[in-house]
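FYI, it's all coordinate maths here, none of it is from the lab. Bear in mind the structure is a predicted one, so any value in this text is a computation, not a measurement. Quick reminder, even Gly has a Cβ in these numbers, built from the backbone with ideal geometry, and neighbours come from all protein chains shown.
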Amino acid sequence: MFKARSSPDEPGTAVKVAVAVFLGANFTRLRADNPFRELKPLLEKLRAETPYVVADFHAWATGEKRLFFAAAAGLCTAVIGSHSRVQTADETILDGTAVICDAGRTGSTESVGGTDTAVRIQEYLTGIPDWTKDAWDKCELQGVIVEADGEGRALSIKRLRIPVPAGNQKMPEPDISEEG
Ligand SMILES: [Fe+2]
């Protein structure tokens with residue numbers, strides 16, 4: 001959630017935020033419109049509604065993400081990369097646009113994208129696919145906090161990692177018993 005404030009001591013005010021999702025073109029099975037071609041017209045359309053525009057760039061390749069950041073610099077408040085589910089440490093501001101290759105994920109830090117690692121290692125050893133199993137050890141909330149001025153230009157971007165307190169690590173087992 002974004003809040004605008006005129007000084008760090010003042011409480012913020014809720015503002016309208018537009019969010020656009022762009023899909024990368026490299027290594028993806030999904031085909032969407034060219035994100036580089038659609039970037040400017042879509043962001044201009046959204047900026048007519050609100051100065052606070054955030055783009056989620058869902059892509060595999062770091063190089064494509066960095067090029068997309070350069071293309072989006074100055075056109076929106078933030079471009080937040082996603083897909084790899086591993087938080088990167090490359091956050092920066094390019095001409096008023098906050099960027100990071102991946103904001104991370106919320107879930108077990110001892111997993112691969114939320115999946116139990118032992119099952120996946122066994123798959124690599126045997127070449128036999130298996131059912132995935134959720135991992136719940138050492139959970140963290142991850143993301144970024146972006147501060148912006150009244151014009152929607154990013155002032156700062158900070159990575160966020162908040163561990164879930166011990167004792168709250170496990171989700172309750174679902175009740176799958178059938179009644180009646
Ligand atoms: Fe993905």
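Quick notes
- Summing charges over all other residues whose Cβ lies under 14 Å from the Cβ of ASN34, with Lys and Arg as +1 and Asp and Glu as -1, gives 0.
- Distant-in-sequence amide H partners of VAL79 (H built 1.01 Å from N, under 5 Å): ALA55, ALA98, VAL99, ILE100
- Environment charge of LEU141, counting only residues whose C-beta is closer than 13 Å and scoring Lys/Arg +1, Asp/Glu -1: +3
- Full extension of the segment from ALA32 to GLU110, taken as 0.36 nm per residue of separation minus the current Cα-Cα distance, would add 24.8 nm.
- A prolate overall shape is assigned to segment 66-118, the ratio a/c of its alpha-carbon gyration tensor axes (a ≥ b ≥ c) being 1.5 or greater and a/b exceeding b/c.
- Potential extension, ALA48-ASP90 segment - 0.36 nm per residue separation minus Cα distance: 12.2 nm
- Taking only the C-alpha atoms of segment 27-76, Rg followed by Dmax gives 11.5, 33 Å.
- Net charge in the neighbourhood of ARG66 (other residues with Cβ under 15 Å of its Cβ; Lys, Arg +1, Asp, Glu -1) is -4.
- Alpha-carbon Rg/Rh ratio, for the chain, with Rh computed the Kirkwood way: 1.05
- For segment 94-150, the square roots of the Cα gyration tensor eigenvalues, ordered a ≥ b ≥ c, give a/c of at least 1.5 with a/b greater than b/c, which places it in the prolate category.
- Within segment 115-153, the GluC sites (Glu not before Pro) that combine a DSSP coil assignment with at most 15 other C-beta atoms in a 10 angstrom radius are GLU151.
- The packing ranking of peptides 75-85, 48-58, highest mean first, is 75-85, 48-58, where packing means the average number of other beta carbon atoms within 10 angstrom of each residue.
- Extension gain for the segment THR132 to ILE162, taken as residue separation times 0.36 nm less the Cα-Cα distance, is 8.2 nm to one decimal.
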